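Below is one structure, written out as structure tokens; the observations come after it.
The values are calculated or read from the model by the stated rules, or taken from the named source; none is laboratory data. Since we're looking at a predicted model, the values are computed, not measured. Here Cβ is always computed from backbone atoms with ideal geometry, including for glycine, and neighbour counts include all displayed protein chains.
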Amino acid sequence: MPWSPCSPEPYPGIGAHWRARFGQPVRRVGLDPGFPCPHRDPRTGTGCAFCDPASFTAPSAATGPGRPVAEQLATGIAGLRRQGVNRFAAYFQPRTNTNASSGKLVAAWDVATRPPEVVALCVGTRPDCVPDPVLDLLAEYTGGREVWLELGLQSARNATLRALHRGHDAGQFADACRRARQRGLLVCAHVILGLPGEDAADEAHTAAFLAASGVEGVKLHQLAVVRGTPLEVRWRAGGLAVLDEAEYVDRTVAFCRQLSSATVLHRLVGDPAQERLLAPHFNKGRVVAAIRRRLRSATGNENAGPRAGVS
């Protein structure tokens, strides 16, 4: 039987999905175990053309990977409890969170899932860093909780991946997705819209690729130019254009319409640290509302209220 989200809404947000499954709000707690990205040169700090890990570090991990995971988790949970939240998703976010020995992986994941109020585990990584033994380990955490493997694809066009210096191709993503889903893991694909050299047709190709792969979730980001990346050099030289809000809304809606309506949308707009962001500067709430309004209209659900939990 094909997987479907718990929420009956088409294109549910992850918050709506979790609320339907667990009966109450669930919020992510960002964690940083300090595992490095194998594709990032430690001498120069360079990796993918758009990447700046410091731009996407959660507040609970903000003091860096030196803080124990248990302490990061406790800090994040305490902050969310003050907002009335009592169920949590442990989210291993920056860099490559499967790039460590099995002992280190188990130690981090054990700590993160020990509290009974942690009902989901989300692990972000690269599609070329999930060998079978790692997937076997991760599958051991599926009992009684959701386990999401978040794989950075960005584009299904191999030429684009080479230009971005991604270090993997679309075939490696498809293989990683297949092996993860065989083990009962839910797969969330990360995609960037507005990549250099890509148009709406290229993005439709990526959406069709993901629909065929059977991913359960998608996390969308606008192409963001942040300080200290190769894209910054190109942008300052006038050789890189970024989408404005209206263009991004159009491209996101067109992309989502290529997916199964059961696809859980984990994020609709990226949210890099403002002190490091150069362009574009979006009003996130306005963009998310516009996308959701258009998607409701497309599915004949214009009168539905806002869907919680999509960031």
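Out of all the residues in the stretch 155-201, which are polar (S, T, N, Q) and under 20 Å from SER260 (Cβ atoms)?
Scanning the stretch 155-201 gives SER155, GLN182.
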Quiz item: Residues THR160, THR142: which one is closer than 30 Å to GLY76 by Cα and among the hydroxyl-bearing types (Ser, Thr, Tyr)?
Solution: THR142
Quiz prompt | Any hit, the stretch 203-214, residues being among the charged types (D, E, K, R) and part of a helix (DSSP H, G or I) | solution = yes
Quiz prompt | Members of the stretch 157-212 found to be farther than 25 Å from ALA246 by Cβ, crowded, with 19+ Cβ neighbours inside 10 Å and of a type in the set (S, T, N, Q), listed by number | solution = GLN172
Exercise. Would you mention how many residues in the stretch 155-181 are hydrophobic (A, V, I, L, M, F, W, C) and assigned to a loop (DSSP other than H, G, I, E, B)?
Key: 2
Practice problem: Would you please list the contacts, defined by Cβ atoms under 7 Å and residues six or more apart or on different chains, that run from a residue in the stretch 242-262 that is modelled with pLDDT under 95 to a residue that is not in a loop (DSSP other than H, G, I, E, B)? | Solution: SER260/ALA211
Exercise. Determine, yes or no, whether LEU240 is buried (at least 20 other Cβ atoms within 10 Å of the Cβ) and aliphatic (A, V, I, L, M).
Key: no
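Looking at the stretch 116-133, can you tell me whether even one residue there is over 22 Å from PHE173 (Cα atoms), surrounded by fewer than 21 Cβ atoms within 10 Å (Cβ to Cβ) and more than 19 Å from the chain's Cα centre (by Cα)?
Filtering the stretch 116-133 down to residues over 22 Å from PHE173 (Cα atoms) leaves 116-120.
Add one more test, that the residue is surrounded by fewer than 21 Cβ atoms within 10 Å (Cβ to Cβ), and what stays is 116-119.
Remaining after also requiring more than 19 Å from the chain's Cα centre (by Cα): 116-117.
Within the stretch 116-133, one or more residues are over 22 Å from PHE173 (Cα atoms), surrounded by fewer than 21 Cβ atoms within 10 Å (Cβ to Cβ) and more than 19 Å from the chain's Cα centre (by Cα).
For VAL242, indicate whether it is of a type in the set (Val, Ile, Thr) and assigned to a helix (DSSP H, G or I). Explain how you work it out, then say what you get.
On the way: of a type in the set (Val, Ile, Thr): yes; assigned to a helix (DSSP H, G or I): no.
Spelling it out, it is not the case that VAL242 is of a type in the set (Val, Ile, Thr) and assigned to a helix (DSSP H, G or I).
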Practice problem: Restrict the check to the stretch 151-163 and report whether at least one residue is of a type in the set (Ser, Thr, Tyr) and either at pLDDT 95 or above or closer than 25 Å to ARG28 by Cα (or both). | Solution: yes
Quiz item: Identify, please: which residue in the stretch 182-202 is part of a strand (DSSP E or B) and in contact with a helix residue (DSSP H, G or I) (Cβ under 7 Å, 6 or more places away or on another chain) and is, among those, nearest to GLY171 (Cα to Cα)?
Solution: ALA189
Quiz item: Quick one: HIS205 ticks every box in (1) touching an Asp or Glu at 6+ places or on another chain (Cβ under 8 Å); (2) at negative phi; (3) at pLDDT 95 or above bar one, so which box is it?
Solution: (1)
Exercise. Please name all residue pairs, on different chains or six or more residues apart, with Cβ atoms under 9 Å, provided the first residue is in the stretch 212-230 and is within 18 Å of CYS188 (Cα to Cα) and the second residue is modelled with pLDDT under 95 and charged (D, E, K, R).
Key: HIS221/ASP271
Quiz item: Within the bounds of the stretch 270-286, is there any residue that is closer than 25 Å to HIS165 by Cβ, touching a residue at least 40 places away in the same chain (Cβ under 8 Å) and of a type in the set (D, E, K, R)?
Solution: yes
Self-check item: Enumeration of residues in the stretch 106-151 that are among the aromatic types (Phe, Trp, Tyr) and under 19 Å from PRO36 (Cα atoms)
Solution: TRP109
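Residue by residue, here is whether (1) in contact (Cβ under 8 Å) with a residue 24 or more places away in the chain; (2) aromatic (Phe, Trp, Tyr); (3) touching a Leu at 6+ places or on another chain (Cβ under 6 Å); (4) closer than 28 Å to VAL233 by Cβ holds:
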{"residue": "VAL134", "(1), (2), (3), (4)": "yes, no, no, no"}
{"residue": "TYR141", "(1), (2), (3), (4)": "yes, yes, yes, no"}
{"residue": "VAL147", "(1), (2), (3), (4)": "yes, no, yes, no"}
{"residue": "LEU151", "(1), (2), (3), (4)": "yes, no, no, yes"}
{"residue": "ALA156", "(1), (2), (3), (4)": "yes, no, no, yes"}
{"residue": "LEU164", "(1), (2), (3), (4)": "yes, no, no, yes"}
{"residue": "GLY167", "(1), (2), (3), (4)": "yes, no, no, yes"}
{"residue": "CYS177", "(1), (2), (3), (4)": "yes, no, no, no"}
{"residue": "LEU185", "(1), (2), (3), (4)": "yes, no, yes, no"}
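Take the conditions assigned to a loop (DSSP other than H, G, I, E, B) and at pLDDT below 95 and apply them to THR63. Does it pass? Quick ask: steps written out before the conclusion?
On the way: assigned to a loop (DSSP other than H, G, I, E, B): yes; at pLDDT below 95: yes.
Yes; evaluated as a whole, the condition is true for this residue.
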Quiz item: So ARG40 clears everything in (1) part of a loop (DSSP other than H, G, I, E, B); (2) at pLDDT 75 or above except one condition, right? Which one?
Solution: (2)
Self-check item: Candidate set: the stretch 17-32, residues that are touching a strand residue (DSSP E or B) at 6+ places or on another chain (Cβ under 6 Å) and assigned to a helix (DSSP H, G or I); chosen: the one farthest from GLU71 (Cα to Cα)
Solution: HIS17
